[in-house]
Each structure stands twice: as structure tokens, then as C-alpha cells.
1. Report the label-to-label distance for residue 75 and residue 63 in nanometres (one decimal), using points 7 Å from each Cα along the Cα→Cβ vector.
2. By how many nm would the segment from residue 87 to residue 20 grow when fully extended, if each residue of separation counts as 0.36 nm and the alpha-carbon distance is taken off?
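Since every read-out is calculated from the coordinates, none of them should be taken as a lab result. For clarity, every value in this text was computed on a predicted model and none was experimentally measured. As a convention, Cβ positions derive from the backbone with ideal geometry for all residues, glycine included, and neighbour counts pool all protein chains shown.
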């Protein structure tokens, strides 16, 4: 038997809908088109253009992590090759 959830249900919660979900189909079967529901659209903020220098500064640690992963991978491959030669 499933355990009963203790989560409190919120009343009057607003449902988020995509623009596609806000289009109501017409009353017929397989009807094309439809009307847009009277639901306010969320405001979309424009993002400022990111400059290349900002990206280099922001992701500087990624290069060091990739370099470290590469060194470890080469070392592990060398150990595997050495073990294969010694054990065969």
C-alpha cells in the first residue's frame, strides 16, 4: 500500500501554460486553428550579449579541469598497457 503524502495542497495556485497550450481547439473533430485563451503571458527579459572575455573568465576553471582529466586518463591508459604487457 502506498504511503500517504504529507504535502499540503495549495489552493488557488496559478498554472503555468506555454503559448501552445493556451490555444483552444475549435468545437469540431480535428479542427484546425483556434482561439488564444485570455491568460497573461509572462514578461521575457532580454539578455545582454555575452562577450568572449567574460566567458574566458567565467569558465577558466573548465580548462584546468579538462587538462587534469586528460592527464589522469593518459596515466590510467599507460598503467593498463603496462599491466597487459607484464601479465601476458
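1. Simple spin-label model gives 2.2 nm for this pair.
2. 17.9 nm
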